[in-house]
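Visitor: Take a look at this one; I'll ask things after.
The values are calculated or read from the model by the stated rules, or taken from the named source; none is laboratory data. Treat the numbers as computed from the prediction; the structure is a model and nothing was measured. Note: ideal-geometry Cβ built from the backbone for every residue, glycine included; neighbour counts use all protein chains shown.
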Amino acid sequence: MPNESKAAATGAALGNVDAVIVGAGLAGLYMLHRLRGLGFSARVFEAGADVGGTWYWNRYPGARCDVESMEYSYSFSESLQQEWHWNERYAGQPEILRYVRHVADRFDLRRDIQFETRVTTATFDEGTSRWAIETDRGELVSAQFCIMATGCLSSTQEPQFEGLETFTGDWYHTGRWPHEGVDFTGLRVGVVGTGSSAIQSIPIIAQQAEHLFVFQRTPNYSVPARNAPMDPEYEQRIKAEYDDLRQRERESRAGVVLMGVPEQPALDVTAEERERAYEARWSRGGLGITRAFTDLVINREANDTAAEFVRAKIRATVHDPAVAETLSPHDYPIGTKRLCADTDYYETFNRDNVTLVDVRKAPITRITAGGLCTADAEYALDAIVFAIGFDAMTGALLGVDIRGREGSALREQWTAGPRSYLGLSITGFPNLFTITGPGSPSVLSNMMVSIEQHVDWIADCLAHLRARDLDTIEATVAAQEAWVEHVNDVARATLYPQANSWYMGANIPGKPRVFMPYIGGVGAYREKCDDVAAKGYEGFTLSAQRSALRDQVAR
Ligand code: N01
């Protein structure tokens, strides 16, 4: 059905905009701001009732960023970064959400955002070279460009446990936490999972619950965050040097510089020097430990030195040696599953009201009306918290039925794993962009740095097309294949593929085992993207089909 008649059938107005942006998180908001600044019309669709993306949904107790606030913030506006004051070294979810809302208001972004609206389909029309974007409210919008700002960790993994529907207590997913909060006082609570979300929420839930059972399948490495109120002198010093700091972030490996940049291999120094380096980072707090040396993610022997340092800390913190051993990861290198930063995580297992249950030894078999059964015991529970993570990187993209040339579905193209050029663009899907998509540094970096880089690149690209009266841009098959091969080659040179992580898609049953982000570093990646643009968008086909047609009609 042509767009007009379909819209008429649903009774919805057909909008025409230059760009549709899917998602009003940190990426979508900046994209809208940039496009407006260039005079493009844009409409943002957001499933949530407000801006914020990941910080809108993830309201579980203890939710906090583990990149320092001074770095986990936009750099595009000098006045914004000078005026905004962060209260803590690592901002908690409420403060970050306040910040995002402030940005939306300050730059008057809300008037182009439609909330509580989920994009369901995006279909490329080869006749008009435009995207038809349909929402769950029955609206249909026509746009020249479709920009997916859907986030890397936004599609939650739903609990698939047998009998869950019979559970008479309340259950929650950390990634979809009730806005009014949850009071666990006096309850017997089960937390399933021990990733970042669990590690942040467990110490707080333990303080409320009558008893907390932690159901752990794989132990994680966690380091103390050592969060603290913002030191005014530190804040002033960074604000005075912001230009330089932001530039160094952009050129760095992971988009962060405050936690230190590694300079030498671990195996080049003595055991005492290594210990001192790890100890300094442990005391400073934050994720710096895996950045103490240059070879920690490429050399297993080097990695073992850092892993053993953390295991020794676990043994020194947790009183019961058996519990300490269960909490200690042994079967994958440190850093190859996302390192966690905590406040009193290991200490929490010294509490009388906390029990660690190893569900690797005795797996969860089912949920009952009154609790949870493992292969060897039944646990009576009033509430269950599923901290079981996300269908990372591809889940939200494939949640929309995206159809490119000849009606080809992205879901079918990516059955063996995502393939894209630069993590930005996909062959066969002209004028579709993925902000921090698979194949880009994204989740291996400070997301703010990677988001700003992608948004700026896309905005410049759209301006380039318009200035030359071009209609479409599309990645060539050869460029895409070469990039995918490069992404895989670089990943293979590291220890990352050794872990069953969500980076590998290994947390979702049936998902192809492919290392999804690009590990070449944000600095090198930015250079590549800039070079591609400087060479007239090398690896892309730029076309003026529609413009040529217009000229013909005019003649
Ligand atoms: O999810 P996860 P998350 N039975 O996938 C377990 C970012 N983040 O929401 O490892 C039993 O890491 C699973 O076990 P296993 C950050 O990038 C950032 O915690 O698969 N257990 C694992 O322990 C992070 O990495 C921040 O064996 C099951 C856990 O559930 C990412 O989001 C804060 C299971 C899932 O851990 C995701 O973190 C929070 C099953 N059937 C999140 N299925 C900060 O900035 C899964 N598990 C600090």
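Visitor: Name every residue in segment 529-555 that is surrounded by 16 or more Cβ atoms within 10 Å (Cβ to Cβ), at pLDDT 95 or above and part of a helix (DSSP H, G or I), in order of residue number.
Guide: Cys529, Val532 - these are the residues of segment 529-555 that are surrounded by 16 or more Cβ atoms within 10 Å (Cβ to Cβ), at pLDDT 95 or above and part of a helix (DSSP H, G or I).
Visitor: Condition (residue is more than 30 Å from Thr117 (Cα to Cα), of a type in the set (Asp, Glu), modelled with pLDDT of 95 or more and outside the structural domain of Glu46 (by TED's automatic domain parsing)) applied to segment 202-212: is it met by at least one residue?
Guide: Applying the first criterion (more than 30 Å from Thr117 (Cα to Cα)) to segment 202-212 yields 202-212.
Filter again for of a type in the set (Asp, Glu), leaving 210.
Filter again for modelled with pLDDT of 95 or more, leaving 210.
Add one more test, that the residue is outside the structural domain of Glu46 (by TED's automatic domain parsing), and what stays is 210.
Taking every residue of segment 202-212 in turn, at least one turns out to be more than 30 Å from Thr117 (Cα to Cα), of a type in the set (Asp, Glu), modelled with pLDDT of 95 or more and outside the structural domain of Glu46 (by TED's automatic domain parsing).
Visitor: When the residues of segment 129-148 are narrowed to those that are outside any strand (DSSP E or B) and in contact with a helix residue (DSSP H, G or I) (Cβ under 7 Å, 6 or more places away or on another chain), which ends up farthest from Met516 (Cα to Cα)? It would help to see each step written out before you state the result.
Guide: Within segment 129-148, the subset outside any strand (DSSP E or B) is 129, 136-139.
Cutting the leftovers down to in contact with a helix residue (DSSP H, G or I) (Cβ under 7 Å, 6 or more places away or on another chain) gives us 129, 138.
On the way: Ser129: 29, Gly138: 33 Å.
Among them, the one singled out is Gly138.
Visitor: Kindly check whether there is at least one residue in segment 60-70 that is over 30 Å from Gly181 (Cα atoms), among the hydrophobic types (A, V, I, L, M, F, W, C) and at pLDDT 95 or above.
Guide: no
Visitor: Do we find that Asp125 is touching a residue at least 40 places away in the same chain (Cβ under 8 Å) and out of contact with any Cys (no Cβ under 8 Å at 6 or more places or on another chain) in this structure? It would help to see each step written out before you state the result.
Guide: Values: touching a residue at least 40 places away in the same chain (Cβ under 8 Å): yes; out of contact with any Cys (no Cβ under 8 Å at 6 or more places or on another chain): yes.
The answer is yes for Asp125.
Visitor: I need every pair where a residue in segment 451-464 that is under 15 Å from Gly536 (Cβ atoms) has its Cβ under 6 Å from the Cβ of a residue that is assigned to a helix (DSSP H, G or I), sequence separation at least 6 or different chains.
Guide: Trp457/Cys529
Visitor: A follow-up question, please. Does segment 141-179 hold any residues that are among the β-branched types (Val, Ile, Thr) and within 16 Å of the ligand (Cβ to nearest atom), and which are they? If you could, list the steps in order and put the result at the bottom.
Guide: Taking segment 141-179 as the starting set, the residues that turn out to be among the β-branched types (Val, Ile, Thr) are 141, 147, 150, 156, 166, 168, 174.
Listed by number, the residues that qualify are Thr150, Thr156, Thr174.
Visitor: Quick one: Glu68 ticks every box in (1) away from the ligand (no atom under 14 Å from the Cβ); (2) buried (at least 18 other Cβ atoms within 10 Å of the Cβ); (3) of a type in the set (Asp, Glu); (4) more than 25 Å from Cys461 (Cα to Cα) except a single one, so which number is it?
Guide: Answer for Glu68: the failing condition is (1).
Visitor: Kindly provide the set of residues from segment 32-65 that are within 16 Å of the ligand (Cβ to nearest atom) and charged (D, E, K, R), ordered by number. Can you show your working first?
Guide: Restricting attention to segment 32-65, the residues satisfying the condition of being within 16 Å of the ligand (Cβ to nearest atom) are 52-65.
Listed by number, the residues that qualify are Arg59, Arg64.
Visitor: Still on this model: Can you name the residue in segment 216-233 that is in a loop (DSSP other than H, G, I, E, B) and away from the ligand (no atom under 13 Å from the Cβ) and is also farthest from the chain's Cα centre (by Cα) among such residues?
Guide: Here is the first cut: in segment 216-233, the ones in a loop (DSSP other than H, G, I, E, B) are 217-221, 225-228, 230-231.
Right, trim to away from the ligand (no atom under 13 Å from the Cβ) and you get 226, 228, 230-231.
Values: Arg226: 23, Ala228: 24, Met230: 25, Asp231: 28 Å.
Taking the candidates together, the pick is Asp231.
Visitor: Still on this structure: I'm trying to understand the selection: among the residues of segment 9-32, which are small (Gly, Ala, Ser) and at pLDDT below 95?
Guide: If we filter segment 9-32 for residues that are small (Gly, Ala, Ser), which is where we start, we get 9, 11-13, 15, 19, 23-25, 27-28.
Those that are small (Gly, Ala, Ser) and at pLDDT below 95: Ala9, Gly11, Ala12, Ala13, Gly15.
Visitor: Please find, among Ala479, Ala506, the residue that is in a helix (DSSP H, G or I) and either within 15 Å of the ligand (Cβ to nearest atom) or in contact with a Gly (Cβ under 8 Å, 6 or more places away or on another chain) (or both).
Guide: On the way: Ala506 fails: in a helix (DSSP H, G or I).
Every option except Ala479 fails the conditions.
Visitor: So which pairs qualify, if the first residue must be in segment 28-54 and surrounded by fewer than 23 Cβ atoms within 10 Å (Cβ to Cβ), the second must be at pLDDT below 95, the Cβ gap must be under 7 Å, and the two must be at least 6 apart or on different chains?
Guide: Arg43/Gly15
Visitor: Is it the case that some residue within segment 332-339 is crowded, with 23+ Cβ neighbours inside 10 Å, within 24 Å of Val182 (Cα to Cα) and within 13 Å of the ligand (Cβ to nearest atom)?
Guide: No, there is no match, as no residue in segment 332-339 is crowded, with 23+ Cβ neighbours inside 10 Å, within 24 Å of Val182 (Cα to Cα) and within 13 Å of the ligand (Cβ to nearest atom).
Here's the yes/no breakdown for (1) closer than 22 Å to Asn220 by Cα; (2) of a type in the set (Ser, Thr, Tyr); (3) assigned to a strand (DSSP E or B):
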residue	(1), (2), (3)
Arg111	no, no, no
Glu116	no, no, no
Thr150	no, yes, no
Glu165	no, no, no
Trp171	no, no, yes
Thr185	no, yes, no
Ala198	yes, no, no
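Visitor: So which residues in segment 343-400 are within 14 Å of the ligand (Cβ to nearest atom), in contact with a helix residue (DSSP H, G or I) (Cβ under 8 Å, 6 or more places away or on another chain) and among the hydroxyl-bearing types (Ser, Thr, Tyr)?
Guide: Selection gives Thr343, Tyr345.
Visitor: Next up: Out of Asp231, Asp244, Asp295, report the one residue that is in contact with a helix residue (DSSP H, G or I) (Cβ under 8 Å, 6 or more places away or on another chain), acidic (Asp, Glu), within 29 Å of Met70 (Cβ to Cβ) and not assigned by TED's automatic domain parsing to the domain that holds Val67.
Guide: Working: Asp231 fails: in contact with a helix residue (DSSP H, G or I) (Cβ under 8 Å, 6 or more places away or on another chain); Asp244 fails: in contact with a helix residue (DSSP H, G or I) (Cβ under 8 Å, 6 or more places away or on another chain).
Answer to the check: Asp295.
Visitor: Could you list, in sequence order, all residues of segment 180-213 that are more than 11 Å from the ligand (Cβ to nearest atom) and among the polar types (S, T, N, Q)?
Guide: Thr185, Gln207, Gln208
Visitor: Residue under question is Ala324, and the condition is that it be crowded, with 17+ Cβ neighbours inside 10 Å and within 16 Å of the ligand (Cβ to nearest atom); does it hold?
Guide: Details: crowded, with 17+ Cβ neighbours inside 10 Å: yes; within 16 Å of the ligand (Cβ to nearest atom): no.
No: the conditions fail for Ala324.
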